[in-house]
Each structure stands twice: as structure tokens, then as C-alpha cells.
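Contents: one structure, followed by commentary.
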Amino acid sequence: MSTEKIKYTAKIYALQNAVMFDGKANPKSVIGKVIGVLRKDGFSPKEIIPIVNSVVADVNKMPLDQQVADLEKLAPEILIKEKKVRDFSLPDLPDAEKGKVVTRFPPEPNGYLHIGHAKASIVDYEYAKIYDGKFILRFDDTNPENAQTEFYDVQKEDLQWLGISWDEEYCTSNNLQKHYKLAEQLIQQGDAYICNCTSDVIKEGRFHGKECKCRVCSSGEHLDSWHEMISSSKDGCVLRLKGDMTCDNTAMRDPTLFRVIEKTHPLQGDKYGVWPTYDFAGAIEDSISGVTHPFRTKEYELRDECYFYILDKLKLRKPILMEFARLNIDGMPVSKRKIKPLIDNGSVTGYDDIRLPTLRGLKKRGILPEAIRQFVFSQGISKVESTVTFGLVESANRKLVDSVTRRYFFVKNPVKLIVVNAPCIKKTINLHPINRDLGSRTIKTGNTFFVQQEDIDKLDIGDIFRLKDLFNVKITGKGKEVKAEYAGDELIARSAKIQWTTDDYIDMNVFVPHLLFKNENFNPDSLEKISGFAEKAVTDIKADELVQFERFGFVRLETQKGKITGFFAHK
Ligand SMILES: [Zn+2]
């Protein structure tokens, strides 16, 4: 018996070590691990070492995929941890030197972070870590119409929940004086000009590749107009880059660099009325803050030319721009334009609604940050745009939670079951079939139970089924209530095993999310409410615990006003 335990433990750690190091386990590391684990059980190194050596030798003879398969069977939670290391296959960054890589995540503080932000921030953060570099959190808050005080903190909380930390944090709006100086330099050099054409005229000119009348004035005149624009903050003119109005890349047709926005800024108040556009602010900030490898999504590709042109003209250092495809999840749009109206009209409860791919929505339905991380890595950083199903996030989450989540009984559409001669017992049932650390609960049973109507519908009078983990019963009558009799304890092959509650139950609702959008339209059936009875033991859960309701799915439980509500994560 004791040798078996050593062998079993040795096998797990030998497989783990082998999977980590390309199929070859190092006996010394495995011995160390096994001694550490088994010491408390009174095993001596003298007993352990020869067994580990022989197990390691056997494991090292196996091909790697067999090792992975065996580890998955023996200890799936360990395999997932190892995979995290193994799947770390982010491609090398071009011209990257250890210790010198600087990345940044630049959210606009205008809303809750969603899964697309998660991808960007995780990639930026991980690259900085891989290269022992620096990771900057920069709030790109140069549009006072969008920036909102509350979201600076909200976004930081969302990132912290994801497990992301940063070495430096700042707000672009604090650098506005620097931006003004650089704008002035561009004007003096004749590389930017004040344009007071209407937006329609500007649009027309861009469309037809025609320069406007403002472009020809001297740089001195433009400088005067610039100073006037800043001091008066009067709308009616913009600062434009002198690009090339006939360029095939329309982004180069004299893009706007600064415009007047007459709105109080959450941090700067009314100090400034002239604000840089993303084209200008993004390029300047990446350069002056020392970012070496800024990532952006592919839709900015056409603007790259402008990015480098501005830096060129200002003789500023040019980072290596990196691009990846945007993350699209089928039926779960991330754009505020689509989500906000649904919140405003009450179709969606808020930004933490479980149908949304916001980090708060995902958290609420019990998706772990680690699952999001693994999902992001599984998608890689290719430039090829694709739409994936949310099932990928669910499957990453399921692998993480399955072996560590307590299991309970929940009966939807309950129907009363009377078992006439049922023994009255106190039955202790484990909360997980394998993981004993998750404990057990003791249920006192009499002759009244509740089971699911759907299960009963599939059975006939005379059929025997098993109340899961309890005993067998034989149906004797079906009607408003189901009548049955006790039919022994022994497991019967192929008989249905059905979850149940006693008459000491908790009445609760579980909300199940479905696709929020179908064919680009809001799906009015996207939130399903399932009512049912849960066994009393769920009242012992920790706040916000994810549990598995057997034969139903993973559900995050939340206590609101003394009542337990469930949010469905996945099957
Ligand atoms: Zn003009």
C-alpha cells in the first residue's frame, strides 16, 4: 500500500517534469518534489529514492504526447499549470533586447474593459515580462468628451483582476504642454497648418485629393492662428498635418492633429480647449515615453504611415509598431455603440451583465482570469481577423475549474417524489468525486424528494432509477406527484442516476446567458431564467463561489439580499 502511494506520487511529478522539459524528467528534481510531498506522511528518503528512480526511467521511455495524456488523466490541474509554461509561444519581438523592451497599454478611460482590451493588455504585459522590460499603463485621455473620472479607477481594477500589474502609470492629458510645443515646432517647420474650412469642405478636399486655401499661408501666419486657437479655444479651426493630398493612403491627406473641444476634462478641468487627435498623441507618447514595441490592432494599419511621418518630422525616436487582429467573438459585440443603447433601454442590466464580454460580465458568470489568459494565448497575435465562439473561453475555464469546484444538486422544474418505504438516513456525500479536499455534506433524508420533471418524463412505471449517491427507487405511479418505492442500495448498471433534493431545499433562480446578438440584431431571448430547488448545503458556500450543479453546469452563486442567485458559466 505504502509503495503504491510513492509510485503514484512519483508518477505524477515525473510526468510533470518530463512534460516541462521536452519529455525527459530529471530524477533529482522529481525526488526532491516527492520527498517534499510525502514527508508529512512519514515516508523516508530511503524508501522514496529507488522507487522514484525507477518510475522516472519508465516515464522517460514514453513519447511526449503519451506523457501529456497520462498526466491529464492522473492530475489534470497540474497539466494545465504546465501547459501555461509550454504554450508560452508568443513569437520573438523584432530587435528586442533583454532588459530594454518597453511596452504600454493605452486605454481611453471611457468605459469598462472588455475581452479585446484583455488581449491587448495581456500581450503587452507578457512581452515586458518575457524580456525583463518595462510595462506602462497610459490613459489616453485626450478627448474630454469621452474621458470620465470614474473609469480611470474602474479600468485599473479590471486590469488588477486580470492579474496584470504595471511598472509605470500616467495620463496623456498631463503632457499636453509638451504636445503643444511639438505642434508649434511642426508649424514653424511648415509641416502643419491651421485650417478653418468647414468639416464638409475638408471632407470634400480629402475625397478629391485637393488642397484647401489655408495651406498656402506662411508659417508665421499659421503660428499666430495657432496661438489664437489655443488662447480663445474657439471652435472653427483645426491644426492639420501637411501630408500629401494626393496620396493613395487617404490617412496621409492632411490628417487633423489638434481640434477644439469645449468640454471640461475630468483631470485638467477647463485648462485646455485644444486637444490632440489619436494620430498625434499616440505617436508622440509612444516615442517620448520610451516604448520600444507598441501594439495596436490591425484597423490602424493605414495610419502607420502618418505615425512615422509625424515622428520623422519632429526627429523623434521611432518605435517598432506591432499589429495584431482584433478579437471578435460571435454574438458578443464589444462596441459601446452597440451595448450602450441596450443598457439605456434596459435590455441589458449593466456593463457587468453576464451576456457581455466585459471583464466584469465574465467575472460575474465565473470565468477565471487565467481562462481569459489561456484563451488569449490560444488566439496568438496573428494579423488575420477571425471570429471565434465563446465556447473557447468556456472550455479553457472548464479545464481550470472542473477538479477544484464543489458539486451540488440543483433540480430544475422540480416534481415531488414520494418513496413509500424509504429508509430515513443521514447520508454523507463527497462534494467532488475525486478531489477529497473539497469536503462533503451530510443530508438527512426521509421519504419526500424532488427530482426534475424532464427526468421523470423519460421513465415509465416499473422503471428503477437511482437517486444519485443515495439508493435506488422504483416508480409505482406518475401524476402530479411521483410515487415510488425503495429498491435497494446496490448500483445497477445502466439505470439512470438522477440528482435530487429533500424537502429541505433552497428555492432559487439561475440566469443562463445566450448569444446577445443574432445576425447583427439583439436577441430578445438572450437571457433565460431557470427556477428550481437547490439542496440546502449551498447556503454554506463562500461569497461569489463557482460551483458545479451536477447534470446542469457550472454556476456562480451570489447572495443578494439574503437570497441566493445563480449565474450560469457553462456546461
Ligand atoms: Zn482649410
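Only the coordinates and a few stated rules stand behind these numbers; no lab work does. Small disclaimer: the values here were computed from a predicted structure and weren't measured. We place every Cβ from the backbone using ideal geometry, glycine too, and count neighbours over all the protein chains shown.
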Problem set entry | Mean-position separation - Cα centroids, segment 490-561 and segment 255-285, in angstrom | 49 Å
Seminar exercise, completed: Too long for a 24 Å Cα-Cα cut-off, among Lys210/Lys242; Lys542/Lys571; Lys271/Lys318; Lys5/Lys61, are Lys271/Lys318
Seminar exercise, completed: Packing-ranked peptide list from 46-52, 491-497, highest mean Cβ count within 10 angstrom first, is 46-52, 491-497
For this session: Anything over 29 Å Cα to Cα? Flag those among Lys73/Lys134; Lys480/Lys536; Lys444/Lys563, in the order listed.
Result: Lys73/Lys134
Problem set entry | In degrees, nearest ten, helix 391-401 long axis to first principal axis of the chain (Cα) | 50 degrees
For this session: Assign one of three labels to segment 248-292, namely rounded, prolate or oblate, based on the Cα gyration tensor with a ≥ b ≥ c the square roots of its eigenvalues; rounded applies when a/c is under 1.5, prolate when it is not and a/b is larger than b/c, and oblate otherwise.
Result: oblate
Exercise. Under 16 Å Cα-Cα from Lys129, which lysines qualify once same-chain neighbours fewer than 8 residues away are excluded?
Worked result: Lys84, Lys98, Lys100, Lys119
Exercise. Counting DSSP beta bridges with both partners in the chain, what percentage is antiparallel, nearest 5?
Worked result: 70 percent
Problem set entry | Net charge dipole size for segment 337-419 [Lys, Arg +1 and Asp, Glu -1 on Cβ; Debye, nearest 20] | 200 debye
For this session: Find which of Cys212, Tyr13, Cys195 sits farthest along the positive direction of the dipole of the chain, computed with +1 on the beta-carbon of Lys and Arg, -1 on that of Asp and Glu, about the Cα centre.
Result: Tyr13
Exercise. Helix 219-232 sits at what angle to the longest principal axis of the chain, using alpha carbons and giving 0 to 90 degrees rounded to 10?
Worked result: 50 degrees
Problem set entry | For Glu47, net neighbour charge (Lys/Arg +1, Asp/Glu -1) across residues whose Cβ lies under 15 Å away | +3
Exercise. Based on the alpha-carbon gyration tensor of segment 529-571 and its eigenvalue square roots a ≥ b ≥ c, which shape applies: rounded if a/c is under 1.5, prolate if not and a/b is larger than b/c, or oblate?
Worked result: rounded
Seminar exercise, completed: Total charge of the residues flanking Thr565 in space, meaning their Cβ is under 13 Å from its Cβ, with Lys and Arg +1 and Asp and Glu -1, is +2
Exercise. Hey, what did segment 123-231 get for relative contact order, percent, Cα under 8 Å, at least 6 apart?
Worked result: 24 percent
Exercise. With charges only on Cβ, +1 for K and R and -1 for D and E, what is the dipole size of the chain about its Cα centre, in debye, rounded to 20?
Worked result: 1800 debye
For this session: Using a/c under 1.5 as the rounded threshold, could you call segment 229-359 rounded, prolate or oblate? The axes a ≥ b ≥ c are square roots of the C-alpha gyration tensor eigenvalues, and prolate needs a/b larger than b/c, oblate otherwise.
Result: oblate
Exercise. Roughly what angle does helix 45-60 make with the longest principal axis of the chain, taking Cα atoms, 0 to 90 degrees, to the nearest 10?
Worked result: 70 degrees
Problem set entry | aspartates and glutamates whose Cα lies under 18 Å from that of Lys28, excluding same-chain neighbours fewer than 8 positions away | Glu47, Asp58
Problem set entry | Estimated 222 nm signal from helices in the chain, with DSSP H stretches of n ≥ 4 weighted -39500 (n - 2.57), rounded to 500 | -10500 deg cm²/dmol
For this session: Could you please rank Tyr193, Tyr505, Tyr152, placing first whichever residue has the fewest other Cβ atoms within 10 Å of its Cβ?
Result: Tyr152, Tyr505, Tyr193
